[in-house]
1. For segment 12-74, take N as its residue count and report Rg(C-alpha) divided by 2.2 N^0.38 Å.
2. Compute the length gained on full extension between F101 and S180: take 0.36 nm times their separation in residues and subtract their Cα-Cα distance, giving the result in nm to one decimal.
3. Could you tell me which GluC sites (Glu not before Pro) in segment 134-195 are loop residues by DSSP with no more than 16 other beta carbons within 10 angstrom of their beta carbon?
4. Loop only per DSSP, at most 13 neighbouring Cβ atoms within 10 Å: give me the GluC sites (Glu not before Pro) in segment 34-77, ordered by residue number.
5. Name the residue, out of M248, M82, M231, whose mean-square fluctuation peaks in a Gaussian network model built on the chain with Cα pairs under 10 Å.
6. Expressed as a fraction of 2.2 N^0.38 Å, the rule-of-thumb size for a compact globular protein of N residues, what is the C-alpha radius of gyration of the chain?
7. Would you calculate, for the chain, the mean residue ellipticity at 222 nm contributed by helices, counting each DSSP H stretch of 4 or more residues as -39,500 (n - 2.57) and dividing by all residues, to the nearest 500?
8. Highest mean first, how do 86-96, 123-133 rank when packing is the count of other Cβ atoms within 10 Å averaged over residues?
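The values are calculated or read from the model by the stated rules, or taken from the named source; none is laboratory data. Keep in mind the model is a prediction, meaning the values are calculated, not measured. Methodologically, a virtual Cβ is constructed for each residue, glycine included, from the backbone with ideal geometry; neighbour enumeration extends over all protein chains shown. The area values use the complete protein model at the heavy-atom level, side chains included, leaving out ligands, DNA and RNA. Shrake-Rupley method; radii C 1.70, N 1.55, O 1.52, S 1.80 Å.
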Amino acid sequence: MITSSQNPKLKLIRALQGRAKERRDAGAFLAEGIRLVEEAANSSWPMRFVLFDETLNERGMLQVESLRSRDVDVEEVSTSLMNSLSGTESPQGILAVLNEFQLPIPDFPDFILIPDQIRDPGNLGTLLRTAAAASVQAVLLPPETADAFSPKVLRSGMGAHFRLPIHSLTWDEIKRVCESANQRVYLADMDGQSCWETDLCQPLALIIGSEAEGASEFAKQLANQKVCVPMSGMIESLNAGVAGSVLMLEVVRQRWENI
């Protein structure tokens, strides 16, 4: 059992909880909680090691035994240390350090999400979770967008990271991906055409800008058309997570109707 706060594994975890640079340098990121560890295991995501404590419930212990049977490095840690490492108010007693790994972008994707300048972890995680539900085939993260593999985004994404190709790219690289797939690029904008009156069945990329700042100039230059979520109430706008989710699910609705 690990009982020292100076243990190298614990030091690595603390580093991974910090800046994106620390995660890039280590080539790893952190997944905390039973659900995320299960999702990673079910996706055969490469694991560096897993820590648990005595408060872990039966469901979590079954996962621990399954990981051990697959020769994953699993070690118990004292409850006090686990609590000090947890990024949540109610720790579930398990966390994993996962190796950095990118699922490949399909050769001809027909649905791409581009979260532009989305800095709030909750909004970005919501967009990723909906993207996985809506069968988005790749998420391209431009500069100035939050790190998708930060602990808060991971928790908000609820396992979407293990199903989606998520790539941080420059705008030039994003443009090349969209052009090679012959995609029409739609920008979410309040002044755009209603999503209910827009044909979203063709191969497309959807750009969602931040609620506070809107889309970047690079995004505006890349877009072929603006699209919006019609609203008849007194609210001026929706946050990026909600607006993006509505638009992605409208793509799904239209494509199902045309099957």
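1. My calculation over the Cα atoms of segment 12-74 gives 1.16.
2. Here the answer is 26.1 nm.
3. Here the sparse-neighbourhood loop sites are E144.
4. E54
5. For the chain, modelled as a Gaussian network with Cα springs under 10 Å, the answer is M231.
6. The value comes to 1.09.
7. -11000 deg cm²/dmol
8. Going by the mean number of other Cβ atoms within 10 Å, highest first, we get 123-133, 86-96.
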